[in-house]
1. State which residue is surrounded by the fewest Cβ atoms within 10 Å (Cβ to Cβ) when the search covers only the range 101-121 and only residues that are under 27 Å from GLU47 (Cα atoms) and in contact with a Ser or Thr (Cβ under 8 Å, 6 or more places away or on another chain).
2. Here is a check on your reading of the model: is GLN55 at pLDDT 60 or above, surrounded by 11 or more Cβ atoms within 10 Å (Cβ to Cβ) and not hydroxyl-bearing (Ser, Thr, Tyr)?
3. Quickly run through the range 76-96 and pick out the residues that are crowded, with 18+ Cβ neighbours inside 10 Å and either of a type in the set (Lys, Arg) or more than 14 Å from the chain's Cα centre (by Cα) (or both).
4. Taking into account only those residues within the range 33-43 that are outside any helix (DSSP H, G or I) and exposed (fewer than 13 other Cβ atoms within 10 Å of the Cβ), which is modelled with the lowest pLDDT?
Amino acid sequence: MRLTLLLSLLLAVAGCASTTPPVAPVPADGAVTAPTDAAACRQAGGELAPLGRLQRVQCVVPYADAGKACSAKADCTGQCLAQGEIAPGAKARGTCQADIRQNFGCRQRIDGGVALGTICVD
């Protein structure tokens, strides 16, 4: 009886084991991410830096249009960001974000020539 119970328990535990290797997570938006290898990052013109609340190391490559005047996201590689606080819904112009570092902290986006609400991301 004990042997049967022990064998049943071992089979149940063995059935829970995973044989598939872990898969790297894919961004929800399906975007291609910058390289996380230091040499590849430098070759792409960037640098590895810990970002966000989790301090995940990412390759930070400056956007080619950083600092360019804009009135919508379509004008930029990244986001069109307000300079200073602007009332949401007001007509506004901004500048194209410098790199992915500006995805963290508080920022106000401009789209369609109109200021959107401020958002803060850790």
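The values are calculated or read from the model by the stated rules, or taken from the named source; none is laboratory data. Computed from a predicted model, the values in this text were never measured in an experiment. Using ideal geometry, Cβ is built from the backbone for each residue, glycine included, and neighbour counts are taken over all protein chains shown.
1. Let us first name the residues in the range 101-121 that are under 27 Å from GLU47 (Cα atoms), namely 101-109, 119-121.
After this cut, where a residue has to be in contact with a Ser or Thr (Cβ under 8 Å, 6 or more places away or on another chain) as well, the list is 106-108.
Values: CYS106: 9, ARG107: 17, GLN108: 19.
Among those that are under 27 Å from GLU47 (Cα atoms) and in contact with a Ser or Thr (Cβ under 8 Å, 6 or more places away or on another chain), it is CYS106.
2. For GLN55, the condition - at pLDDT 60 or above, surrounded by 11 or more Cβ atoms within 10 Å (Cβ to Cβ) and not hydroxyl-bearing (Ser, Thr, Tyr) - is not met.
3. CYS76, CYS80, LEU81, ALA82, ILE86, ALA92, GLY94, THR95, CYS96
4. Across the range 33-43, the extreme among qualifying residues is THR33.
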